[in-house]
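The values are calculated or read from the model by the stated rules, or taken from the named source; none is laboratory data. None of the values given here were measured: they were computed from a predicted structure. Ligands, DNA and RNA are excluded from the accessible area calculation, which covers all protein heavy atoms including side chains. Shrake-Rupley method; radii C 1.70, N 1.55, O 1.52, S 1.80 Å.
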Amino acid sequence: MDNKFDSLVEAEKNLEKIKLAKDVLLQQEKTLQSAADKMSLLVSSDEDMMARYDINMAAFEEYYPEIFKFFTTYQPQRSGIDTTNGFVNAFNAETGNYLYAYPSYLESLVQFEAFKKSPSIKNFNFNRNEENEANFIHADFLDKIVALLPEKKQPRSDNSKNLSALIVFGVGAGYHLELISQFYNISCLNIVEPDLDLFFISLFSINWKTVLENFDRKGTRVFISLGEQKETFFDDFMQESAKSGRYQLSHVAGYIHYKTPELAGLLNEFNRRYAEMGQGWGFFDDAVMSIGHMLGNLKNKVPMLRRKAILENKVADVPVFIVGNGPSLDALIETIKNYQDKAIIISCGSALSALYQYGIKPDFHCEQERTFPVAEKVTHYCPAEFLDDIVLLAPTTVHPEVYTLFNRKVMAAKQNEPSSALLQRDVEGGKLFQPYYFINPTVANTALVMGYNLGFKNFYLCGIDLGHKQGELHHSKKSLYYNEQQEDQNLYEINEKDQIEVDGNFGGKFLCDYFFYQSNVGLSKQIIGSDDLNCFNLSDGALVKGSTPKDVSELTPVFDNKDSLDKAILVSDVYKTSCYEDKDLALFNRLANNLDYDLFDMVCEKLVRLNERPVNTVTEAADLLLLNTDVIRKTNQHINDLIIGSVMHIQVSLTQLLYGAVNEEEGLKLFHKGLALYREFLTVAPIYYRENAEDAHYIRDCKWIVKLRNKQSAV
């Protein structure tokens, strides 16, 4: 016992070296003494460490069997266990350095106390949409809840023990985890340790059994990510967060225990992509719109892309130019012109306006957005007769008016839409069609996914820049975004503060927003996940992983030996063999008569009752939010996809009200105000659904399209 207290005295002396004032040491003395009774602070023998290891392994066998199984036979590679002044430390044999320069527990304690005083918090930011040009009830209610948030960030009480989510980067000896488990009430905890040796060492140092029991008792959902995960870290994190409700990450604290290049890389990736976690959820009105638009398109007999449409693929070797409206398109125009007879051309959105001005007619054209102004925008691209021979490719969610502009068209189901869930559960729809991943968020994604599933396998990206160079053009100078004098018409807004720096296809750096970054990620996943898809990137824009950067000079040997295509016959054959048309409207009638009106009424009523229960603590409020997610997940996929987007947006705002307030009392007060608005939304939603699910949504005079009209009329 005396030896142990001698070690503690020596540790206190060493603490002077890290510039802690003497009065701080005295304040911490009581903490150290009381903690010694609860924690594995002092380890003076191999027997103590092995006993700790056995207890911890038994705990992991109960809570995380896969971790238990892995470390049963684990042998450290670089770092071994050492003790300094009675505290477990990690010694790296390759570098000759210790992980902790001073006693590991005391370093951890100082770090923990600093974190308590000023935790680093990241938030999703939902901007209020006071104009609400589309009259979305989602926007109405979310704006009212967001309005409850304080205008400026308020300092929280130092003694706040409640965290919606916490990510701990680095385990090391693990003493900070014991402190965190004792002090904080956390709804969702992620522990990240890329160095398996260091996690292994923690099995001999801290009381994992107590740590896991503490979190279990407090209802904390704990996810532990171990080992090298540079390429998969964020995607795995996204997948795990979806299980507990991604809204919890709307107010997340980050705890960085130690710094290494590996951890720095993971932290940078998290910071760079964090905004993705709050995007792509959809919302209620948008979901209702997807149903009304698909039904309208089916009623208008728009053909739909079949599942595994082509049995004998005759177009696999046919090259396809996917043409976007990025600034690099202008430099690629001559290449496209030179080879337009030897390749299929798919135009993406506003790229059609540039191609028309350059005298190039695409074979296919893609649109993506679902609101009505897209139809008017297409009419600004080119004369109506220019569209006669072009085949439109678009998701089922696109407005019916857009499809009426084209003589031939094909629509495809999009994953995670209530309309696709309806289609999949239909007796014939599930056999005939499949919803596609990565078909959004941009028209480039639509072009690649639908082009690939039409049977084409060789793609060349042209003007798919997905970013721009600092201070340079954001689109082709021939597109509708610029006038004849190549002056910017201010139809495309760039928020410079939200720009992400990414690697260029041919080197250098490009800037993009989260929307284009997400598009880039989707393109990469489609390319990498398809063994028979070849993609070459000609664009002087962002690098797309999985594609091969290719200079136009390298195309000469590829295309000079190719014959010209009979494009009219080829496109016609692909169109006929790939499409299903609901000629007798049998599919339309089955879907229109199976919209779950009564079930949606019941689910919303159940949620209203659930959110009327008394909530007196932050923990009870966090549990209530999670119960909302559980109720929705237990219903069918159609209802889930219909309501979950808006519920998650509201959960985000309620979470920020709860955890972002100056103290717990104020947080609960604001939470109850927001909860009342949420209940009101749930009473209005069923009425809105019945009134709008079977009709296309119209908004004719949004600010963007009015600006375009004015610009065009001024020419």
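Close amide H contacts of residue 460 (hydrogens built in the peptide plane, cut-off under 5 Å, sequence separation of 5 or more or a different chain): 320, 321, 322, 536.
Taking amide H as placed 1.01 Å from N in the peptide plane, residue 389 has no amide H partner under 5 Å among residues 5 or more places away or on another chain. For the set 87, 223, solvent exposure ranked by accessible area (probe 1.4 Å, protein chains only) runs largest to smallest as 223, 87. Each residue of region 509-526 was assigned a 3J(HN,Hα) from its phi angle through the Karplus curve 6.51 cos²θ - 1.76 cosθ + 1.60 (θ = phi - 60°); the sequence is 10, 10, 10, 8, 8, 5, 5, 5, 5, 5, 4, 4, 4, x, 4, 4, 5, 5 Hz, with glycine and proline shown as x.
Geometric descriptor of region 519-574, per residue, is 129 Å³ (volume of the convex hull of the Cα atoms).
Given a 1.4 Å probe and the protein chains as shown, residue 301 ends up with an accessible area of around 80 Å². Computed from backbone phi with θ = phi - 60° and the Karplus coefficients 6.51, -1.76 and 1.60, the 3J(HN,Hα) list for region 667-674 is x, 5, 4, 5, 4, 5, 5, x Hz; x is used for glycine and proline.
Would you mind telling me the antiparallel percentage of the DSSP bridges in the chain, rounded to 5? Beta bridges within the chain, antiparallel portion: roughly 30 percent. Under a 5 Å amide H cut-off, with hydrogens placed 1.01 Å from N, residue 436 pairs with 413, 414, 415 among residues at least 5 apart or on other chains. Note that region 508-648 carries a Kirkwood radius of 21.5 Å, evaluated over its alpha carbons pair by pair. The equivalent ellipsoid of region 307-390 has semi-axes of 22, 19, 12 Å, largest first, where each one is the square root of 5 times an eigenvalue of the Cα gyration tensor. Among the protein heavy atoms, those of residue 348 account for about 10 Å² of accessible surface (1.4 Å probe, every chain in place). Its Cα gyration tensor gives the chain an equivalent ellipsoid. The semi-axes, each the square root of 5 times an eigenvalue, are 52, 31, 24 Å from largest down. Across region 151-257, the volume of the C-alpha convex hull divided among the residues equals 112 Å³ per residue. Backbone phi angles across region 349-357, fed through the Karplus curve with coefficients 6.51, -1.76 and 1.60 (θ = phi - 60°), yield HN-Hα couplings of x, 5, 4, 4, 5, 5, 4, 4, 5 Hz in residue order; Gly and Pro are listed as x. Counting only protein heavy atoms and a 1.4 Å probe, the chain has 44 square angstrom of accessible area per residue.
The accessible surface of the chain, taken with every protein chain in place and a 1.4 Å probe, is 47 percent carbon and sulfur. Only Cα sites of region 601-658 enter the Debye sum here, all with the same form factor; the resulting log10 I(q)/I(0) across q = 0.23 1/Å is -0.96, listed in q order. The eigenvalues of the Cα gyration tensor, multiplied by 5 and square-rooted, give region 557-715 an equivalent ellipsoid with semi-axes of 46, 25, 20 Å from largest to smallest.
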